[in-house]
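Have a look at the structure below, then the notes.
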Amino acid sequence: MHTYTDWGTYDVELSATSTCGTDVLTDVDAITLEPDADCWIAMNETNGQATGCTGTLYDPGGPIWGYDNGLDYSVTIKPLGAGGVTLFFNYVITEGQGTFGSCYDYLTVYDGFDANSTIMGHFCDSLPAPDSLESTGSAMTVRFRSDGNNPFPSFWPGYWLEWECSPTTVAPTAEFSFENYYSCSGDIQFIDQSDGGPSSWLWNFGDGTSSTEQDPLHHYINDGTYTVSLLVSNAFGSDSITKSSTIVIGKNPAPVTIQDDICPGEVGILVPQEEGDFRWYASANDTTLLHAGDTFTTPTIQNSTLYYYENLRSPGTQQAGGALNNLMGGGGYVDFFNQALWFHAYQDIILEEVTMYTDTAGYRKITLWDPQEGVAVDSAVVFLELGENNVELNFHIPEGSYELGMWYTDLLRCFRNNSGVTYPYDIPDVLSIYNSPAGSDYYYYFYDWQVRPYCASARGEAIASVAICTGVDEVDFSEGLSVYPNPTRGELNLSQTVVPNLENIALYDAQGRMIIKLPSMRKDEVVSIDVHDLSAGVYTIKAYSDNAIATKQVIIQ
């Protein structure tokens, strides 16, 4: 993020450089800063912030009508030096549920710095907003959530709000929060939540460093547990707060490279050299999971294949979320609804377990769905006994918005509540269960969520290295194989003085992948290959016959 210090119009230039060259892109007059410019925001992120004393807030579609399905966005209005905030409603027209009085898509206003503050109201087409709301402190938070089932989202205008602040007349009261108390990257985002409009900040991060920013992003170098303090002040006074043993840093390095040497047509068995919770992928950035577990057995392969794996690490603290049980109000067992719960994970989590109730024993399929991508992220088939069941899921869920549900094509007969429901059900900074497709009067199937944050390491390499295999009585004829010039920049010559007709000969890279398959080579024949297009590095020539083997290292410059 860049902060401009002077009014004016600015060009923005991006220069990108690689080994192939440099390219430059310039956006002329990209940024304009004027003291009388309108400040308006289209809510399009989770945990956004607005610090101007006045401004306009639109739904994610901006001034144009319409917004998308499956959203969970918020913005905190915390003007610098403010003692209070007044929010004015021009309109809130989002999809409601008519006669039921609840909302499919709705706006929630909180009296404070986040969604853990006192709720001032839920608003949609069937729950009209007042003309204005006034905060009791220095900030208000506005949160918008839309379901995934509106076939015509652009039909609904959305919302149009404005705000203005009043200056503080008191000394500040220090308070702060942070995103993710546990980090395996070392990065922690701190957020000032001090009331009374402070104008200066002094953070002490507990590692010998400090900051005067309002909301600093701090990087811890060493693993450990840290105590953090904040001193805030304005023209009327100062205040401080200290939170002991607040931050836990446990960095998660990439696992070491592993390799299994096999023959063509065999499977590779890749085993990590350390303990952990491993996930296996086909490429460094692939999101499609090949396998979860300590050992990955490859398919039958003919050529060397490179896989990637990561180690998941958890801080070890399990937390409970969602409705505790089904005693909140009325409800019953249903068997004809395709229903779910909508939730947002504010960080990577493991959904380890939920509680379910049924009056019919049998198997159920539980699916975790990504409504934005329209794909199933994970699923589990579980057997439910009559009555209350603790159901183990162990879904690994990256940060984002999801549905957890069951569908009518499967056996249902599970309990859901249709009264006494009070969304959202939050674990601060971890998880928010905020609605169901049927509206906010209904809570479906999944109670007492047991979740645990986790971190994924950088990915390490796992190599299934394929080489041509011969019998156990092989003779090493490496001394009879000549490779020259070595090192080489372009052409490589090979000859051998042992095998009458050598048919199996190839060049492999340092990861065991076959790069070039060579033609057969008779005794005393010279074969030349062009290697000038290959990257510099160490390669290996491997040659086989029925009962003999030879290897030579080659350096390509």
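When each of the peptides 347-355, 281-289 is scored by how many other beta carbons lie within 10 Å of its residues on average, the order from highest to lowest is 347-355, 281-289.
Among 43, 521, 328, a tally of other beta-carbon atoms within 10 Å of each Cβ gives an order, fewest to most, of 328, 521, 43.
What shape does segment 8-167 have by the C-alpha gyration tensor, where a ≥ b ≥ c are the square roots of the eigenvalues, rounded means a/c under 1.5, and otherwise prolate means a/b greater than b/c and oblate the rest?
Values: a/c = 2.30, a/b = 1.43, b/c = 1.61.
Oblate, since a/c reaches 1.5 and b/c is not below a/b.
Given 0.36 nm per residue, what is the gain on full extension from residue 267 to residue 209 after removing their alpha carbon distance, in nm? Could you put the intermediate results ahead of the total?
Details: separation 58, 0.36 × 58 = 20.88 nm, distance 5.16 nm.
That works out to 15.7 nm of additional length.
Computed from the C-beta positions of residue 187 and residue 303 and an R0 of 51 Å, the FRET efficiency is 0.80 to the nearest 0.05. Modelled label positions at residue 385 and residue 33, each set 7 Å beyond Cα in the direction of Cβ, lie 6.6 nm from each other. Could you work out how far the C-alpha centroid of segment 229-251 sits from that of segment 191-223, in angstrom? Distance between centres, Cα-based: 7 Å. With both labels modelled 7 Å from their Cα along Cα-to-Cβ, the residue 54 to residue 484 distance reads 8.7 nm. Relative contact order, whole percent, for the chain stands at 11, derived from Cα pairs under 8 Å and 6 or more residues apart. On the beta carbon distance between residue 223 and residue 522, with R0 = 51 Å, the FRET formula returns roughly 0.25. Reported to the nearest whole Å, the Cα centre-to-centre distance from segment 51-130 to segment 266-282 is 47.
Annotation: the residues 221, 366, sorted from fewest to most other C-beta atoms within 10 Å of their own C-beta, follow the order 221, 366. Here segment 419-437 and segment 512-532 have alpha carbon centers that stand 65 Å from each other.
Considering just Cα atoms, how many Å³ per residue does the convex hull of segment 176-249 enclose? Could you put the intermediate results ahead of the total?
Values: hull volume 5.3 nm³, N = 74.
Taking only Cα atoms, segment 176-249 has a hull volume of 71 Å³ per residue.
As a proxy for reagent exposure, 524, 68 were ordered by neighbouring Cβ count within 10 angstrom, fewest first; the result is 524, 68. Within segment 239-337, which GluC sites (Glu not before Pro) sit in a loop by DSSP and count at most 16 neighbouring Cβ atoms inside 10 Å? Here the GluC sites (Glu not before Pro) that fit, given the DSSP loop and packing criteria, are 274, 275. Backbone N atoms of segment 268-298 closer than 20 Å to the 7 Å Cα→Cβ label point of residue 535 belong to residues 281-286.
Looking at segment 382-458, the GluC sites (Glu not before Pro) that sit in a DSSP loop and have at most 10 other Cβ atoms within 10 Å of their own Cβ are 385.
If you place +1 on the Cβ of every Lys and Arg and -1 on the Cβ of every Asp and Glu, how big does the dipole about the Cα centre of segment 176-249 come out, in debye to the nearest 20? Don't jump to the answer; show the numbers that get you there.
Numbers: 1 positive and 9 negative charges, 31 e Å.
Dipole of segment 176-249, to the nearest 20 debye: 160 debye.
As I understand it, the dipole of the chain uses +1 on the Cβ of Lys and Arg and -1 on the Cβ of Asp and Glu, about the Cα centre. Which of 212, 170, 360 lies farthest toward its positive end? Of the listed residues, the answer is 360.
Bear in mind that the values in this text are calculations on the coordinates, not laboratory data. As the structure is a prediction and not an experimental result, all values here were calculated from the model. Neighbour counts are summed over all protein chains in view; Cβ atoms, including those assigned to glycine, are modelled from backbone coordinates with ideal geometry.
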